[in-house]
1. Taking only DSSP H segments of four or more residues, each worth -39500 (n - 2.57), what value at 222 nm results for the protein assembly as shown once the sum is divided by all its residues, to the nearest 500 deg cm²/dmol?
2. Between the range B:48-63 and the range B:144-206, how far is it from one alpha carbon centroid to the other, in angstrom?
3. Using a Förster radius of 25 Å, what is the FRET efficiency between A:N563 and A:K667 based on their Cβ-Cβ separation? Nearest 0.05, please.
4. Quick one: check the C-alpha center-to-center distance for the range A:724-795 versus the range A:1-34, whole angstrom.
5. Skipping prolines and chain starts, which residues have an amide H placed within reach, meaning under 5 Å, of the one on A:T737, given they are 5 or more residues away or on another chain?
6. How do B:172-179, A:29-36 rank on mean C-beta neighbours within 10 Å, highest first?
7. Run the paramagnetic zone check for A:I94: 7 angstrom along Cα to Cβ, then residues of the range A:47-77 with backbone nitrogen under 20 Å.
8. What does the structure give for B:124-130 when I average, per residue, the other chain Cβ atoms found within 10 Å of the residue Cβ?
Amino acid sequence: MKISYNWLKKYVDLDLSPEELEDKMTFGGIEVEAIEKIGENLDQIIIGEIKEKYDHPNADKLAVCKVNDGKNDLQIVCGAPNCKSGQKIALAPIGTMLGDFKIKKVNLRGEDSFGMICSEKELGISENHDGIMELPEDAPIGKKLSNYLEVKDTCYDVEITPNRPDLLGMIGVARDVAALLQKPLRLPKVTIKDGKESIRTYLSLQNDAPDLCTRYTARMIKDVTIKESPEWMKKHLRSIGLRPINNIVDITNFVMMEYGHPLHAFDYNDIAGKKIIMRKAQKNEKFSALNEKKYTLEESDLVIADEDKPIAIAGVIGGVNSHITPKTNVIVLEAANFLYSSIRNTSKRLNISTDSSYRFERDIADETVEKVSERATQLILQLTGGTLINGFLDSYPDPKDPIEIGLRRSRVKKILTIDISSDKIKQYLETLGLELFREEEDIQTYRIPPYRKDLTREIDLIEEIMRLHGYNNVETHIKPQNIMNNKEFYLRRKAKDMLVNYGFSEVRNWNFADPENLDKLTISEEDERRQNAKLRNPLGDRFAIMRSILLPDILKNVIFNINHGQKDLKLFEMAKTFTRNGKKLAKEIYHVSGIMTGILNPIYWKEKQNKIDFFDLKGIVEELLSIIGVNNADFNNSKENYYQPGMGADILFDDLKIGSLGKLDPKIAQKFDIEQEIFAFDINLDKIFTLDLKLKPTYSEIPKFPPVLRDLSFLVEKKFNYADIINTMIEVDPALTQVDLFDEFTGKNIREDKRSLTFSLVFSSKTKTLTDEYIHNIINKVKNKLKEKYQIEMR
Amino acid sequence: MKEKLNEILIAAKEEIGKVESLHELQQVKSKYLGKKSVLNGLMRKIGTLPKAERPKFGQTVNTAKADISKLIQNKQQDIKTKEYADKLESESIDISMPGRRKEVGSLHPITKVMREIEDIFISMGFEIAEGPDVEDEAHNFDALNTPEDHPARDLSDTFYIDDDVLLRTQTSTVQIRVMENHKPPIKIISPGSCYRNENDASHSPMFHQVEALVVDEGVTFVDLRDMLKIFVKKMFGEKIDSRIRPHFFPFTEPSAEIDIVCVKCYGKGCNLCKGSGWLEMGGAGMVDPNVFDRLGIDSEKFTGYAFGLGIDRIAMLKYKIPDMRMLFENDIRFLKQF
């Protein structure tokens, strides 16, 4: 629904800007979906006066005017018939934008024109394009037209939720706004002077469908003059997108938009039998509506009829047979209410949606009928020169008593947390039109105004209190703990789960350790892992320190299992390691360590069994690192003494050591009584958790063009390592998106210091299909680069 | 002529009948229906016949052609059906043979139980808190209201690293650290290792505990009792009820010990519960106001409860593990059972 700022101002003092009001409404439950500034395009239009008018020497229909803009006299060529000397006019000077049209200096048939005199249509004020807009005598020359006309307004497009039909009019919205701003609501003062004759001699009502027509009232006014509405009313109607038609239609529309309750006016002379009948339509009854369409009605439709014919489809649309015409002299003003579901069905079936049906189908109040009737009557008497015929016909079969709701202050606190005083609650609810009529201890009892059918229970009132108090106007109530480190907690779990899925079993050892283990592993005396937390009263020498490395205990588990006939093992442990270095407490660091030994895969009839090798271990470690967010670690030759030389690697991330892996030096293994090959890894989890790693994947565009695959084989000296070679290749061109090692070959026919490498190259592009030539070029670039850096020989 | 045609038909029928492959069938097809076929040869002789006989003759030849064509088509369908059946026959396997499985490892039973406990409490809004294993006396004893001369402080009970540095004897230390750094409301559990100087079939010098701490306005003793009941049922099943009975701990008041219905006999009495029908599960109580006061928490405004449970014992009960030492032997045949 559309709401006008200026119109709202009639009912409530707005000392806040249109933008502030938007915010207030949205956070008060009236969601503003769009906002439109009216009259902003008129900012450049100024008021001018035609000082002199001459005939155009070369064109019969044009005139040349001398127009004063408050400072200078401008020559302007004008073609309007009502252009005359002394007339105050709306002047668009050179440079003005009228919509997309820019006013420029032009020459019209030999006469220069420095601007334009505008019609109302050109200004977007009305549809009138018969001539230029004529401004009153008192219009101040040189001033902005928009200020003079006060056309500037802000129009809000608001979403009215289905529970609030009372907001389908300006007053309803103003009431909420007033309550939100805690300002008084100004309702229009309505007084009607009684007429002389009695309405009963003119008209009677007959309600044949009291279940569908819950209330019907009629007033009559005679001697009305149908003409244009005054400017103020047209302005209001236009501001919310309604087209002014004539005074009577405009008044019914205006009052509908004011109170959210539709009205209808009939031409009395069209009503046969001096009687208005509310009845169900006959099956297949025909009706010609105001929208120039013919409808066939059903028995479920409610019509307003006279003795001969239907004159309106109740609440939906009027008929051509009884509508207001320029000749209308006596009118019947209908203010009524209908069963919302009936209106909805009819409107839906006939596919007619009007401002009227939109409101009636939302269950508006019977009680508003009197008010809108009085208000419209008042305006009709004021604006049409009509005379009221005395009396008010009212068919109201089943008036309802007002609803009363008890509200416990203790309950308000219970639901909302906030402790609001009884006075404050009363203030909030009374501005919404609720009437406090009883108060005892904790309980206030309110009488609910009829237009608030949504308020039926205590909890509904509590909602209103919170809405007016402001949802965000309350201090934080839930205090977060933020004790748990969710990231580390769940990454540790993920790491364990991943290892289990790769065949590893978790071991748990005591944190006490044998200091001799460090000697066995030939950990140097300077190593941090030698700074042990020593127990004063250990269980024995073999449990004298808190362990600073997990591997020895896992090796102990290995030999235990080998001794029990279990030779193929994959074990891991995740635990804290302890060192103590001058500080009172120990440094406790989470590590995950593990070993693999024996046969890689379990016995399977279709496969031969492979012994575990370095790359089996490395693959798992790489996977593990990637699970916890490390995707591009470097592997350098290890500085640990316990790996077999040339078969151990330290894992580095940005030059920071985060772990190691490799084949245990057989001599070291022997010290733990192990004869099998052992592949071991160790990762410092806490160090990884300190890194700034991107754990959340983000989408990257999937190439639309199929990838192209090529192989590349060459001989290269063994001294160059794979990682360097592949990095060199991938950097050559962005279209080379992936390089995988396909094969390594040494021996037969190859010099001893060389090896043959075969790579599978993947080319893909997001923007084009890659041609053979293009790929060929990249491969050549790759070859040249490799020749230059590593002196490769192509095979 | 007619005889000739009949002979051809019979010969074709016979030949088609013998065909076994699609390739052979193709050859037969070109022999009888191809450009150089006998039938086409006959057709070419049509000119030698008297005019009146020609249409009839043409018709007869065409019918013969259609018959042969039909025979070939049927044969082709037969061969295809048979080939498909043969293919299926030859691909059939012994589906009882083992599938290709990846070797999967196992989590340690303590880890499994710990996770279960963590998840139950996380689902009830608790957070996980951690603290150091190597602790000072202040957190392990003083803050927990343990008197200077309490026997727990003995070397025979507690592992010491320095005069006042030790291995925590309970995870209650984490309570203290959390309350030092966070204002209420607090709702945490802290699982972790603890150490006591004892080693036998039912005691390990290193063992695992989970400690719970809830501090807020309005936390009551009944909340504690009910939370324990809920936890025990979630952990062991609806049949396992729990109870608390008065006890003494220096840092809780009132204090209680927690019993659960014996998981083996469901309360009837057995060797596991030594006939009582109940198993002891841990300690609990309302946080002693002294503990709060020492930490600067307003003990008039806030109340709280804490309880501690032995994870290893829960694991042993849950998995029916007879000897605590098995938990740390790491026999792969044991580990892979979980």
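Here, each number is a calculation from the coordinates, and none is a lab measurement. Because the structure is a prediction, the values reported are computed rather than measured. Glycine gets a Cβ as well: all are built from the backbone with ideal geometry, and neighbour counts include every protein chain shown.
1. My calculation for the protein assembly as shown gives -9500 deg cm²/dmol from helical runs alone.
2. 115 Å
3. 0.75
4. 68 Å
5. A:V762, A:F763, A:S764
6. B:172-179, A:29-36
7. Output list for this probe position: A:47-52, A:63-77.
8. Per residue, the average neighbour count from other chains is 4.
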